[in-house]
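Every number in this text was worked out from the coordinates using simple rules, so none of it is lab data. Keep in mind it's a predicted model, so treat the numbers as computed, not measured. Because the Cβ atoms are built from the backbone with ideal geometry, glycine has one as well, and the counts that use them run over all protein chains shown.
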Amino acid sequence: MLELITNFKESLTFNLIFLSSLLFIGCEPPPQPLTNANTANTAAQPSPASSPAASPATESSFSMTPITLPVLDAMFADETFANDLKSQIGLTDEQIDKLKNISRDAVLKLTDDSGDSAGSTRSAVSSAEKQITAIIGPEKTQQLRQLVSKRWSGGDVEQITATPNSVPTDTRIVVNSPAYRMDIFRDGQLIKSYKVGIGYPEFPLPAGLRHASEIIINPSWTPPDEPWVKGQFAPGKKVEAGSKLNPLGPIKIPIGLPSLIHGGKNPARLGTFASHGCVGLTSPQVEDFAVQLASISDTPLTLDDIKGFEKQKGETKKIALAQKVPVELRYETIVAEDGKITIYRDVYERGTNTEENLRKVLDTFGVSFDSLPPSDQTKLRDALDQMAVDAQGSPVDTEDSNQNAGNSSKKNPKGKITRNIKGKKEISIPLADLKGKGYPAPVY
């Protein structure tokens, strides 16, 4: 797998340079409306209905987009970001320059070399929190979080339903990061599942409701003038559309600034960390996914069509979807599924593996934790303890995840991306009371 920290230069259609950090390789803002032979009357088409959303809630520092310095550096790649810092938050030129410098320095020190590191989501957030607060103060730091969260979603973020393990009744894509799973629902029916790679802990895949509006075949990529560019790549030398060297693979699907669903992943990276804030698939997977996405949006596109476009080396093909499709990014570490509870590793350290959350999941499906046999209660509590650890196996504070998100003492002295997970990723506990209940089993 080849992934580099990058300022991703998009086409003149978008007129933006993105992603100077590892998180945002190939990530971009929502596309502008496109017109082609397949989508002549797109504007008149209704979008698939969304499930009812929960009422907006006050977001804590960690329930919003976790802000790391590489994330901030990526935001500065868009010149309008600095203007927003002035107009919306009231930062001075001096404060903005200091934020630019600390975020750039953090990115310059971070490498994508293979090997384990002791880094974590909370340590990256903690470091950013302290340095940003020292420059602009706590109140404006909170305002900056809100601004970055909004921009990261392309202004199209929505609250996800508050019901745990919610089963969609509409047409949408559901990605659950801790389960490394992406599902396609059509009219409430699960039709296809994929095992995926997710963002590294330093660059976590966000949560929220996005939308997919287009499929881009043969995307191009321009390596930035950064120290990480090495080997077969040269700064500023464009990797042409259709090139086998392109780390985005043959297809990318934007799902809101700056995230993508894209191909190019090694099969060995599925079910683990594999991207810089995007949903990663192998190239055959992303081709199949593109066909499925086109189908649920009533857009004419076949695998033969895709193969034909891919043969047109050097030419990027953009296909606007006849109907935009909701893409729901979840972070659920406790999932009920037909006769069992699966508890996933809390890889982004959100403090979700608690008995309180377990009870909420069980209650959703009419099962009382207290009515379970004592042996099952013990197994569930033990599983929660075992999975309440980060990627390196260190305990995650679950008592108050929002308050402790910025107080991690972990360091990443080597400045490396955390690529691997030590130990079990999940534990499943059979429960007779859940027979026939829960979120649907994957359909591969």
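Taking a sphere under 12 Å around the Cβ of A432 and counting the other residues whose Cβ falls inside, with K and R at +1 and D and E at -1, yields a net charge of 0. The orientation-averaged shadow of the Cα convex hull for segment 270-351, equal to a quarter of the hull surface, comes to 7.9 nm². Most tightly packed first, judged by the mean number of other beta-carbon atoms within 10 Å of their residues, the peptides 203-214, 93-104 read 203-214, 93-104. Across segment 369-386, computed HN-Hα scalar couplings (Karplus, 6.51 cos²θ - 1.76 cosθ + 1.60, θ = phi - 60°) run 4, 5, 7, 6, x, x, 5, 5, 4, 5, 4, 5, 5, 5, 5, 4, 5, 5 Hz from first to last residue, x flagging Gly and Pro.
Give me the net charge of K340's neighbourhood, meaning all other residues with Cβ under 14 Å from the Cβ of K340; Lys, Arg count +1, Asp, Glu -1.
-2
Taking 0.36 nm per residue of separation and subtracting the current Cα-Cα distance, fully stretching the chain between D385 and L303 would add 25.0 nm. Taking Cβ atoms as reference points and 11 Å as the exclusive limit, the residues near T68 contribute a net charge of -2, counting Lys and Arg as +1 and Asp and Glu as -1. For segment 333-340, putting each phi into the Karplus relation 6.51 cos²θ - 1.76 cosθ + 1.60 with θ = phi - 60° gives couplings of 9, 10, 10, 8, 8, 5, x, 7 Hz, in residue order, rounded to whole numbers and with x for Gly and Pro. A simple spin-label model places pseudo-atoms 7 Å from Cα toward Cβ; at E79 and K435 they are separated by 6.7 nm.
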